[in-house]
Amino acid sequence: MPTSHSRAGVASVCAAALTLSGLLVTGVLAARPAAAADPADYQNVRINEVTSSNDDTVELYNAGSTAVSVSGWKVSDDSFSPQSFSPSSGTIPAGGFVTFDSPKGLGDSDKLVLYTAGGTVVDRVEWATGKAKPALARCGGDGTGAWVTTTTATTFGAPNAPGCPASVPAASRVRINEVTSGDADTVELYNGGTSAVALGAWKYVDGDTSHSPAALSSASPSATSIPAGGYVTFDSALGLGDNDSLFLVDGNGTTVDSVTWATGGAKPSSERCANGTGWFRTSTTATFGGANSCSGGSGGSGDGSDTGRLLGGGGALTSGCAPEAPTGTGSAPAGTLAWPGGKDVTIADDVCAFTTSTGPEGRDLSGLAFDPSNPSVLWAAKNKNWLFKLVKSNGKWIPDPSWSATGKQLRFLGGSGEPDSEGLTVGGNGHVYVTSERDNAKNTVPKDTIMEFDPTAAGSTLTPVHQWDMTAQFPQLNTGSKDDANLGFEGVAYVPDGWLTANGWVDPRTGAAYDPANYPLHGSGLFFAGLEWDGTLHAYGLNSDGTFTTFGTIDTGKDSVMDVMFDAGTQRIIATCDNTCGETHTSMKVDSTGAIVPDVTYTNPAVMPVDNLEGFAIAPASTCVDGSREAVWADDGVYGFGPGSSSYGHALYSGTFPC
């Protein structure tokens, strides 16, 4: 469960504001779900420069962090239907450009619409007479700047800055600043200039190409002017969908600004961060008529970085469900790298899905582990003595109704007590091993145990087949304080003997190569328990007679550990820490001396909240599709981005990790 981490030295509290807590919408997404043929990250491609003279040249810019194929893409103008074009390269590298000549002539007053091969609208721009000569280009930032007529020669294939005027016209400083596709379909404009701008002749249109532009002056309320540094808001008369676009056009018919959002991306709203500049991301609260809170995500610098999307979620809290805000936020270890998997993350459970008789507030889901013999099963431990067997249904992880739709309650050996069940792993025998920090019925006293449960046992309550009690090894936790007692075994991983021997692990008990035959009662592997108190791992042989063998302590390089797993795909032990250590995962390897040491540390995908994310599991490599497999996180406090956010009341998040 969330802990205050109040003990000095457990973690240094980070004074900086949380930034990795939301959603960044980069580029223009389609006004309908993307077709199957659409390449990954196509939405980061933007029309960046266009000229209506000579060869009618167009430049595309990739604002994302991965290359995008434009093979088979098409364009249209205000008269011809979508036509294929021949780009200078079939792929746009991250931060790169491609150019092409329009397949049909572009007029002096025209528009250009860009489509993927599957017919999805990617971006569009319109211009008035003379505006595309020498060229119409994004100024103030490739891919995100305002559309301005260049003052010098075109800069096709290179950044636009050399061709941009020293200062953009006042009208070009007006930006779409916030939009929601809720009941009111509200739009906010912001004037970042130093003089008022008349809007009486301006229009807007959504992503439906069959719609005619609507006048701002006819909007409700009527938008006829915007003061310097000020805002206007209006309700769209066109109706904005859950996956839609908005284009703003001035009185001459020249595109001023645009934004597009994916499903759920404009709820509560999609806002620019920083206010008036930068990229759009989903906010946790709408701020129409005032500066954007930028409380929903990272980035916002306008540099075009793509931090992905947070998808799904929503739903009202059920009676008694009470999310808990995160505590104990600290810094990531030095040298931490960005998440190596996909940027997008999906909320992967129903709201308040884990309420139980001993935990009606719905929070405290902690350890996670995929079943290696059946990767369609995800085991989950809830702190207040419950075990859940989860299966996928319509893209969400739900309790397996054939096992127990409400989970099974755990007891200590003999059928007594309420284990503070935190971490879990699946052993070589198929049994589920669960750690406990204390007995919740006596929560000031530590009880650091590992319990073995047979998941095939009948009944709604499970008692251990075996139980091993290591409490005496950690006297620092036995202070009479419930906080100290709650800093014990937070995670555990079963590590096969085959990995330890193949990698030359040196047995710290003998100083020689580890030989499993020396420990005939321990089974087929060792168990590595993570201590929340100081971030160390403790290796044990769990013997069939109820005794255990201690194989020493391993430093993870982090202040705390919340979950531990062995990943056969990367051949690493992975120690996870929540916001206490900057939401990080450290891979542990056997080095040339035979010791287990930290290898590399990754942070979470940037779109995820900075919460007490205590559970982490990666699916087995056998599930790999297109080079990726599922990764799942558990938010112990079901807090998400807080009240009003789509993630509030949810525990599970699903993303991807490389095979």
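Its relative contact order, with pairs defined as Cα atoms under 8 Å and 6+ residues apart, puts the chain at 13 percent. Using only Cα coordinates, the Kirkwood hydrodynamic radius of region 139-190 works out to 12.8 Å. Taking all protein chains into account, the per residue accessible area for region 397-456 stands at 33 Å² (1.4 Å probe). Projected label points at ASP626 and ALA568, each 7 Å from Cα along the beta carbon direction, are separated by 2.6 nanometres.
Here the 3J(HN,Hα) profile of region 381-386, calculated from phi with Karplus coefficients 6.51, -1.76 and 1.60 at θ = phi - 60°, is 9, 10, 3, 8, 6, 9 Hz, Gly and Pro shown as x. On region 378-499, 49 percent of the accessible area sits on carbon and sulfur atoms, based on a 1.4 Å probe.
Convex hull volume of the C-alpha atoms in the chain, normalised per residue: 156 Å³. Model label points for LYS104 and VAL391, set 7 angstrom from Cα along the Cα-to-Cβ axis, are 5.4 nm apart. Straight-line cross-link partners of LYS133 among the lysines, defined as a Cα under 27 Å from its Cα and at least 8 positions apart when in the same chain: LYS74, LYS104, LYS111, LYS203.
Taken over region 66-140, the percentage of Cα pairs per 5 Å bin, counting from 0 up to the bin with the maximum distance, is 3, 14, 23, 26, 20, 11, 3, 0.
Relative to the Cα centre, what is the charge dipole magnitude of the chain, using +1 at the beta carbon of each Lys and Arg, -1 at the beta carbon of each Asp and Glu, and rounding to the nearest 20 debye? Roughly 580 debye for the chain. Per-residue Karplus couplings for region 452-462, computed as 6.51 cos²θ - 1.76 cosθ + 1.60 with θ equal to phi - 60°, are listed in order as 9, 10, 8, x, 8, 5, 6, x, 8, 10, 10 Hz, Gly and Pro entered as x. A protection proxy built from the mean count of other Cβ atoms within 10 Å ranks the segments 247-256, 80-89, most packed first, as 247-256, 80-89. Estimated from the Cβ-Cβ distance and a Förster radius of 30 angstrom, the FRET efficiency linking SER217 and THR194 is about 0.80. Close amide-amide hydrogen proximity is noted between TRP386 and LEU410, SER421, each under 5 Å apart and 5 or more residues distant or on a separate chain (H modeled in the peptide plane; Pro and chain starts excluded).
Calculated FRET efficiency, ASP78 to ALA334, Cβ-Cβ distance, R0 = 60 Å: about 0.65 to the nearest 0.05. Within the accessible surface of region 505-590, defined with a 1.4 Å probe on protein heavy atoms only, the carbon and sulfur portion equals 50 percent. Based on DSSP, what percent of beta bridges with both residues in the chain are antiparallel, to the nearest 5? Antiparallel bridges make up about 95 percent of those DSSP assigns within the chain. Rounded to two decimals, the Cα radius of gyration of region 479-549 over 2.2 N^0.38 Å is 1.28.
Pairs of Cα atoms nearer than 8 Å and 6+ residues apart set the relative contact order; for region 459-520 it is 15 percent.
Taking only the Cα atoms of region 502-638, the radius of gyration and Dmax are 16.0, 47 Å.
Candidate cross-link partners of LYS558 among the lysines, defined by an alpha-carbon separation under 28 Å and a same-chain spacing of 8 or more, comprise LYS343, LYS382, LYS384, LYS447, LYS482, LYS589.
Kirkwood-type hydrodynamic radius, region 591-639: 13.6 Å, calculated from all non-identical alpha-carbon pairs. At an R0 of 25 angstrom, the distance between the Cβ atoms of ASP599 and ASN543 translates into a FRET efficiency of 0.25.
Taking all Cα-Cα distances within region 49-190, those exceeding 17 Å account for 63%.
Under the simplified labelling scheme, the LYS442-THR358 pair shows an inter-label distance of 1.5 nm, with each label point 7 Å from Cα along Cα→Cβ. Based on protein heavy atoms only, region 151-213 ends up with 43 Å² per residue of surface accessible to a 1.4 Å probe. Near the amide H of THR327, within less than 5 Å, lie the amide hydrogens of ASN612, all on another chain or at least 5 residues away, with H placed in the peptide plane.
Over the chain, DSSP H runs of length four or greater, each weighted -39,500 (n - 2.57), average out per residue to a 222 nm ellipticity of -500 deg cm²/dmol.
Nonpolar atom fraction for region 171-240, defined as the carbon and sulfur part of the 1.4 Å probe accessible area, stands at 46 percent.
The values are calculated or read from the model by the stated rules, or taken from the named source; none is laboratory data. Just so you know, these numbers come straight off a predicted model, no measurement behind them. Every residue, glycine as well, gets a Cβ built from its backbone with ideal geometry; the counts of neighbours run over all protein chains shown. Just the protein is used for accessible areas: all its heavy atoms, side chains included, with ligands, DNA and RNA removed. Shrake-Rupley method; radii C 1.70, N 1.55, O 1.52, S 1.80 Å.
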